[in-house]
Amino acid sequence: AVREALRDPRDRKVVEFTDGASALAELPHLQPETVVLDIRMPRMDGLECLHRVRPLLPATRIILYTALGWEEVAHEAVAGRANGFVRKG
């Protein structure tokens, strides 16, 4: 659903990864404009991926996506310099 919402008529490329470790390995090569990270992902959660990818992609907008409440992830999101936060549902 997120991928479809991000599709753009200008043929903006949307890439999806099944886990945080795969995203971290590929994102520096892709140099994306925006990254949406789910907090809960296999192999590496979204918060850890945020902390690791931010130094590699300082100009990339990184949005956290989660079912958890803001208060549960706020400190880590701010520390990792996330640009935004979206709650599922």
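The values are calculated or read from the model by the stated rules, or taken from the named source; none is laboratory data. Just so we're clear, the structure is a prediction, and the values are computed from it rather than from any experiment. FYI the Cβ positions are ideal-geometry reconstructions off the backbone, even for glycines, and counts take in every protein chain you see. Protein only, heavy atoms only, side chains kept; ligands, DNA and RNA dropped before computing areas. Shrake-Rupley method; radii C 1.70, N 1.55, O 1.52, S 1.80 Å.
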For HIS75, tell me the accessible area in Å² from a 1.4 Å probe, rounded to the nearest 10.
140 Å²
Please list, in chain and number order, the residues 5+ apart from VAL35 or on another chain whose amide H is under 5 Å from its amide H, with Hs placed from the backbone.
ARG61, ILE62, ILE63
Order the peptides 16-25, 35-44 from the highest to the lowest mean number of other Cβ atoms within 10 Å of their residues.
35-44, 16-25
